[in-house]
Amino acid sequence: MEKEELSEQMTGENLDSLMNLDPRGYGVCRILYDASRRYAGNKSTSMNAAKHLVKILDGKPSSATVLIMTGFVLRPHLMPETDGIVGALLLARALIRAFNITPVLSVNEKNVPAILSTAAVMGLHVYSDIETAQKLPLSFAYVTIPVDRIQAEKKTEEITKTLSPELIFATECAGANENGEYHNATGINMTELESKQDALFTAYQKNGVPSFAVGDLGNEIGMGALLPHLKKYIPYTDGDGNGIAAATAADTLVTATVSDWGVYAVIAAVAFLKKDISILHDEKMEEAVLHQCCLSGMVDMTGSLLPAIDGFSVDIEKQIVSLMRSTVEYAIGYENDAWFNAVLEKHFYA
C-alpha cells in the first residue's frame, strides 16, 4: 500500500463515520451500514461510490448527462420532504463543478418550486428542456414523473427514448415494494401520493446504465440490494412483499443516518479524489439551499417548514457539512511522508 491509498482509505472511513452519526440513538443507520458496507466489498461506501463516479464521468463532454432521481411526499401536508431534494440539488452542483456535465433531476412535480428557487443560490441555471441545458454552461435540467401509473409509464417511455445518461443516481426517492406499493417509514401506504419512478430506474438498468442509490431506511429506490437484511432487521419490512422495503436494487449503494448526509459524503469523497474542495458546498450554501427549499413548501420529516432535514436542525446540517469539508481539506493538504511511511512499515494496513 502507498501513501495515497492509505489516505484515500482513511478519508473514506472518516466520511462514512460522519454520514452515519446517530444522534437519535436507535441504531438503524448501523444496521443498514453493516449490510451496505458488505455490498461494497467491505470498504468505505462513500469512497466506493465516488471512485465509480469518477471512473464513469471523467473526460465526458459537457453534453453528457446524469439522471438524479428524488422526491418523497409526506403526510399530512402532502408535500415532498427536504431530505432528498436538498442533496439532489447539491449533487447536481457538485457534478457540474467536478466533471462539467449536465445533471437532469427526475422528481415529483411538487419538487419543481424548490428546484426553480434554489438554482440561483447555487450559481446555476435550470431548464425544463434538457437540450437547452446541455448547450449552456453552469446549467442543469429537470423532468417530472407523474403519480398515476399509466401516465408515469408513458413519461418513462418518452424519457428513455430521448435521454441517454451516463449513470442514474437515486437518493431518498420513494421506492415500491415487491407488490408495487409505496410506504412511509412506519408502514403507512403512500402509493396514491408518490411519483412512480421505479420503472424509469429499472428501464435504464436494463439498458446497462450504471445505477447508484442512497437511502436511510429501506423504502427508497435502490435499497432492494439489501432486501434479505432489511426484512430481517428493519421494522415494518416483513410480510410477503407488503412491507416498506423497496424492490429495486442499485449497483452501487450508500446508506446513512440521513440520505442527504450520504450524498454529501459521496460529494466529499469526489472532492478528495479530484483534489478540489470547492466541489463540496460549504455551510453557507447548505443553509441557503435548505432555506429556499422550505420557503418553496418542502417539509421536514416532522412536517415543519422550519429549515431542517429528517428532524435535524439547520445547525446540525451545517456542522455535518463543515466536518466533512475539514476532513477532506486537511487530507488533501497533509504532506508528512515520514508518518505515512512509518505507519505503512508496520504493515497494519494491507
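The values are calculated or read from the model by the stated rules, or taken from the named source; none is laboratory data. Since the structure is predicted, the reported quantities are computational estimates derived from the model, not experimental observations. Please note: Cβ atoms are built from the backbone with ideal geometry, for glycine as well, and neighbour counts cover all protein chains shown.
The residues listed here are T202, T248; of these, the one that is closer than 20 Å to A49 by Cα, of a type in the set (S, T, Y) and surrounded by 22 or more Cβ atoms within 10 Å (Cβ to Cβ) is T248.
Can you name every residue in region 209-223 that is at negative phi and touching a helix residue (DSSP H, G or I) at 6+ places or on another chain (Cβ under 8 Å)?
We begin by selecting, within region 209-223, every residue at negative phi; these are 209-217, 219-221, 223.
P210, S211, F212, A213, V214, G215, D216, L217, E220, I221, M223 - these are the residues of region 209-223 that are at negative phi and touching a helix residue (DSSP H, G or I) at 6+ places or on another chain (Cβ under 8 Å).
Looking at G180, G123, G175, which is the one that is modelled with pLDDT of 95 or more and buried (at least 22 other Cβ atoms within 10 Å of the Cβ)? Just a single option satisfies the conditions, and that option is G175. If I ask for residues that are part of a loop (DSSP other than H, G, I, E, B) and of a type in the set (D, E, K, R), which ones from region 3-30 would you list? Correct list: D22, R24. Within region 295-328, the set of residues being in contact with a strand residue (DSSP E or B) (Cβ under 9 Å, 6 or more places away or on another chain) and assigned to a loop (DSSP other than H, G, I, E, B) comprises G297, M298, D300, M301, T302, G303, L305, L306, P307, D310.
On the basis of being surrounded by 21 or more Cβ atoms within 10 Å (Cβ to Cβ) and more than 17 Å from the chain's Cα centre (by Cα), does T191 make the cut? Spelling it out, it is not the case that T191 is surrounded by 21 or more Cβ atoms within 10 Å (Cβ to Cβ) and more than 17 Å from the chain's Cα centre (by Cα).
Would you check if there is a residue in region 232-245 being in contact (Cβ under 8 Å) with a residue 12 or more places away in the chain and in a helix (DSSP H, G or I)? Yes, region 232-245 contains at least one residue that is in contact (Cβ under 8 Å) with a residue 12 or more places away in the chain and in a helix (DSSP H, G or I).
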